[in-house]
Amino acid sequence: MFRDVTLGQYYPADSFVHRMDPRIKILLNILYLVGIFFIKSYFGFVIVLLFLCVAILFSKVPVGSVIRSVKGILVLVAITGILNVFFYTGETVLWSWWIIVITKEALIFSGQMILRLIFLVVGASLLTLTTTPVDLTHAIESLLKPLTLIKFPVHELALIMSLALSFIPTLIEETDRIVRAQKARGAAFDTGGLVSRAKAFIPILIPLLVSSFRRADELALAMNARCYEGSTNRTKMRKLTLSWRDLVGTLVTAVFFTAIFVLYSWITSAAPLIPALPYSWLYI
Amino acid sequence: MPVVVKNLNYTYNPKTPFAKQALLDVNLTINDGEFIGIIGHTGSGKSTFVQHLNGLIKLTDGEIIVNDINLNDKKVDYLKLRSLVGMVFQYPEYQLFADTVKADIAFGPKNMKLPAEEVNTRVSEALKLVGLNEEEIGEKSPFDLSGGERRRAAIAGVLAMKPKILVLDEPTAGLDPMGKREILQLMAKIRAEQNATIIMISHDMNEIYENVDRVAVFVNGTIKHDMPTEELFQKVKIEEYGLEMPAMAVIKKKLSKIGVVINGRTVTEVFNEIVKAKGGKNV
Amino acid sequence: MNEAIKITDMTYFYRGYDDSGLPVITKGVENVSLDIFQGEFVALVGHNGSGKSTLAKLLNALLLPRSGKIEVFGMDTSDKKNLFEIRKSVGMVFQNPDNQMVASIVKEDVAFGPENIGIPQKEIVTRVNDALDAVGMAEYADRSPHKLSGGQKQRIAIAGALAIQPKVLVLDESTAMLDPLGRREVIEIAKKLNKEKNMTIILITHFMEEVLYSDRVIVLNDGEIAMNGSPKDIFRREAELNKIGLRVPRAVELARKLNSEGFEIDPDITDEKVLGDKLCRLL
């Protein structure tokens, strides 16, 4: 079943989170992402961590899979972190060399940024780990429906997403086939300078492009043959319905994030008093 | 010099939950100038096997020697190997990419770093060999050709590398009867003119029966049978492997059961033989 | 018997451009007149470029005739008002198994047709289940079509067409890209639908062996109808078939040859096993 899913991110399981309505999951995810940026102290991070643990527990996704999803952007996170260390202007200089200045404030800021990014990715991954791409497409189409009032092509967008999802594995396979066919004719993709390596992709890209146009053509024909006429009078087999799980999930999320927002407003209003408190650095 | 394959094993995605053993202890020796057919149900390992011969799939377990190249060497010259073993994939017309047919055919020779003049000569020869007119077709875009022409142009692209061993994966797939005939005639021509060793994967048992000298039957990743064509279709019950008996072989088998031995493999040959056999008896 | 499809003196040509940008006309079909009755199993054969696929697309108004007309269950395809009903009556499955999939889950793909015609949600579920049952793919309903074999993919495409509950099913070279097993799967379903549901089947193919199951064979050559008769009638005109680039099945060829040579062989034999047995008795 693993291999059945495109993008490979979905982890099939029958959990509380898996069974939640994908629309609710998307909305809660957005709330989560916003909430992360309201964290004003390390207490906040602890709360988020707790929330994530609860979510992972109830999604039955192995922690290993969750961590693996972060691996991908770890490099990006590291770079962001390092850049921030160097370019954030702080006051307490810890170390300097030439034009590079590292301040305590920069380290703290950078540390926070890294933590935020990691939490962000883990949270977003939980969404894709527990929701099939098909369900995500359905959910997005449903959530964006109000936009049809301003003539935004919601249906077409959802269709394009769903078609892209279906064709990704086919296109990947075809690329592989073309690469092998050109390799059999002596093509090499791992030698030479930047320019020759770029040129080496032409025998891959052109057949792929031509083939994609042909596929699109044939697909359009097949869709027409099956009475496709756009979104007018279309019905759907899959109905997204809310259940008690969505209510519970929303409440739990609300509780956690109320805590964060409360914490945020406390700290903001108490800002002038912080430096006087012990362990004041915790409150940033 | 022959192609020697010994104890070849291959597993896709080893050490993962998706591991799949595609080849199990495959042994095969192909001699110079042979025309060998490779048959077997879909997924039996045919493609995996042939892709080892030109290094598209790297040898991980076993021994393969192609002419004098040992694929277990630390540094295998894959360019040399691929000029030696030419491979035509299924629906090869889908790999055409250049502005003109000539430029596409030149791709192989150019990759071999041959001098420009040599490249041009080879392109002309390849076009001639596949029966495409150089003036008419050469400067056209490959995408403007008919389906049959595109396939021949793609094959020319491989032939231009002058491989001593030619591997064809279902060369007649998707073609109508006339198209199939043309490709098979082309293969006969290549054999006659270049004395190349030809390895053909096919699902068309009639085609296999009428053209190849020897057949290797792949079943679940291993070669179950390896013998001359005639012998295979008379002795082995290939229906058990999900394959269909060639029409003429069915008839000959039935006749051999009553003691009448008929030679020949095409309809015409079998017909002549039956007439001869009849002539020897009083009816 | 009712006329499901009535074609009267229909012509279609393609408008395109040649290399120098000048408009050029390519023949599609010319002055074709044909009746197909409800419940018939009709095979449409011809070499590549003979107009088979053009004719197929004219049947469900994917193309409209340039002159003449086609009536599907009495509805003129050129009349825009009829488009929806015509496409609901004539289902079509194409050649490439990959290029007909709209969704990444089987049952969602099969539901595409009914969704398009506004079937209420509960009924869509029933139709999808029935369609998948009819093609024997019910257990794959929640799977991704990507990893399936060609034959299985085409069966899902057929299910997708069946979900609209057409009266006519056109298989436009749907077996051309399949291995023998896949071809058998598709043909078996076509036969079953024809027999059990009285569905009109139009099988477009260049495999003459597939023609054996049909009630009637229509041979196209160069855009025109060259022959129209039962498989037996068509096979009797072997020389003509050869001239237009088609061939009869090998067993038929041999039977006819033997028959003209004076052997007591029924020239209409199509099965090599039957022919073999007959010969055993004669020799």
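The values are calculated or read from the model by the stated rules, or taken from the named source; none is laboratory data. This is a predicted model, so every value here is computed, not measured. As a convention, Cβ positions derive from the backbone with ideal geometry for all residues, glycine included, and neighbour counts pool all protein chains shown.
Here are a few things to note about the model shown:
- The stretch B:72-90, residues that are within 14 Å of the chain's Cα centre (by Cα), more than 8 Å from every other protein chain (Cβ to nearest Cβ) and surrounded by 20 or more Cβ atoms within 10 Å (Cβ to Cβ): B:V85, B:V88
- Which listed residue, of A:R214, A:R238, A:R185, A:R197, is under 28 Å from A:I172 (Cβ atoms) and away from every other protein chain (no Cβ under 12 Å): A:R197
- Checked against (1) assigned to a helix (DSSP H, G or I); (2) closer than 30 Å to B:L79 by Cβ, A:R214 passes all but condition (2).
- Among residues of the stretch C:39-77 being polar (S, T, N, Q) and within 14 Å of chain B (Cβ to nearest Cβ), the one that is surrounded by the most Cβ atoms within 10 Å (Cβ to Cβ) is C:S50.
- Residue list for the stretch B:235-283, filter: outside any loop (DSSP other than H, G, I, E, B), aliphatic (A, V, I, L, M) and within 29 Å of the chain's Cα centre (by Cα): B:I238, B:A247, B:M248, B:A249, B:V250, B:I251, B:V267, B:V270
- From the list B:G86, B:G62, the lone residue that is in contact with a Pro (Cβ under 9 Å, 6 or more places away or on another chain), assigned to a strand (DSSP E or B) and of a type outside the set (S, T, Y) is B:G86.
- Across the stretch B:126-142, the qualifying residues are those that are outside any loop (DSSP other than H, G, I, E, B), out of contact with any Asp or Glu (no Cβ under 8 Å at 6 or more places or on another chain) and surrounded by fewer than 16 Cβ atoms within 10 Å (Cβ to Cβ), and the one among them that is farthest from the other protein chains (Cβ to nearest Cβ) is B:E134.
- Picking from residues in the stretch C:8-48 that are outside any strand (DSSP E or B) and free of Cβ contacts under 8 Å to residues at least 12 places away in the same chain, the one that is nearest to the chain's Cα centre (by Cα) is C:D18.
- Yes/no for C:T205 being under 30 Å from C:R127 (Cα atoms), modelled with pLDDT under 95 and more than 9 Å from chain B (Cβ to nearest Cβ): yes
- In the stretch C:267-283, the residues that are facing chain B (nearest Cβ under 9 Å) form Cβ pairs under 6 Å with partners that are in a loop (DSSP other than H, G, I, E, B) and surrounded by 16 or more Cβ atoms within 10 Å (Cβ to Cβ), at six or more places apart or across chains, as follows: C:L275/C:I269; C:L283/B:V260.
- Scanning the stretch B:101-116 for residues that are without any contact (Cβ under 8 Å) to a residue 40 or more places away in the chain and outside any helix (DSSP H, G or I) returns B:K113, B:L114, B:P115.
- In the stretch B:6-47, residue farthest from the other protein chains (Cβ to nearest Cβ) [restricted to those that are of a type in the set (V, I, T) and under 24 Å from B:F233 (Cα atoms)]: B:T29
- Restricting A:V262, A:V210, A:V248, A:V195 to residues that are at pLDDT below 90, more than 30 Å from A:F109 (Cα to Cα) and of a type in the set (A, V, I, L, M) narrows the list to A:V195.
- Checked against the criterion of being in the same structural domain as A:I267 (by TED's automatic domain parsing), surrounded by 13 or more Cβ atoms within 10 Å (Cβ to Cβ) and small (G, A, S), the candidates A:G72, A:G64, A:G111 yield just one match: A:G111.
- Considering each residue of the stretch B:220-228 in turn, at least one proves to be in a strand (DSSP E or B) and either of a type in the set (D, E) or within 11 Å of another protein chain (Cβ to nearest Cβ) (or both).
- Within the stretch B:131-163, considering residues that are of a type in the set (V, I, T) and modelled with pLDDT of 95 or more, the one farthest from C:Y17 (Cα to Cα): B:V158
- Beta carbons closer than 7 Å, at least 6 apart along the sequence or on distinct chains, pair a first residue in the stretch A:173-186 that is in the same structural domain as A:L205 (by TED's automatic domain parsing) and over 9 Å from B:Q95 (Cα atoms) with a second that is of a type in the set (K, R) and crowded, with 22+ Cβ neighbours inside 10 Å for A:A184/B:R82; A:G186/B:R82.
- Residue within the stretch A:242-249 that is facing chain B (nearest Cβ under 10 Å) and either among the hydroxyl-bearing types (S, T, Y) or crowded, with 18+ Cβ neighbours inside 10 Å (or both) present: no
- Single condition B:V217 does not satisfy, out of (1) among the aliphatic types (A, V, I, L, M); (2) within 14 Å of another protein chain (Cβ to nearest Cβ); (3) touching a residue at least 40 places away in the same chain (Cβ under 8 Å): (2)
- Pick from the stretch B:229-261, criterion crowded, with 18+ Cβ neighbours inside 10 Å and under 22 Å from C:L178 (Cα atoms), ranking: farthest from the other protein chains (Cβ to nearest Cβ): B:I238
- Candidate set from the stretch B:106-125 (those that are hydrophobic (A, V, I, L, M, F, W, C) and more than 10 Å from chain A (Cβ to nearest Cβ)); member that is surrounded by the fewest Cβ atoms within 10 Å (Cβ to Cβ): B:A116
- Taking the stretch B:147-172 as the range and being within 14 Å of chain C (Cβ to nearest Cβ) and either surrounded by 24 or more Cβ atoms within 10 Å (Cβ to Cβ) or outside any helix (DSSP H, G or I) (or both) as the test, the residues that pass are B:R151, B:R152, B:D169, B:E170, B:T172.
- All conditions but one from (1) in contact with a helix residue (DSSP H, G or I) (Cβ under 7 Å, 6 or more places away or on another chain); (2) assigned by TED's automatic domain parsing to the domain that holds A:M20 apply to A:L247; the one that does not is (1).
- Residue within the stretch A:83-98 that is touching a helix residue (DSSP H, G or I) at 6+ places or on another chain (Cβ under 6 Å), β-branched (V, I, T) and surrounded by fewer than 17 Cβ atoms within 10 Å (Cβ to Cβ) present: yes
- Selection count where residues are buried (at least 21 other Cβ atoms within 10 Å of the Cβ) and either over 15 Å from C:V45 (Cβ atoms) or touching a Gly at 6+ places or on another chain (Cβ under 9 Å) (or both), scope the stretch C:233-252: 3
- Looking across the stretch C:95-146, the residues that are surrounded by 18 or more Cβ atoms within 10 Å (Cβ to Cβ), of a type in the set (D, E) and free of Cβ contacts under 8 Å to residues at least 12 places away in the same chain come down to C:E108, C:E115.
- C:S149 vs. criteria under 26 Å from A:N233 (Cα atoms), surrounded by fewer than 24 Cβ atoms within 10 Å (Cβ to Cβ), free of Cβ contacts under 8 Å to residues at least 60 places away in the same chain and hydroxyl-bearing (S, T, Y): no
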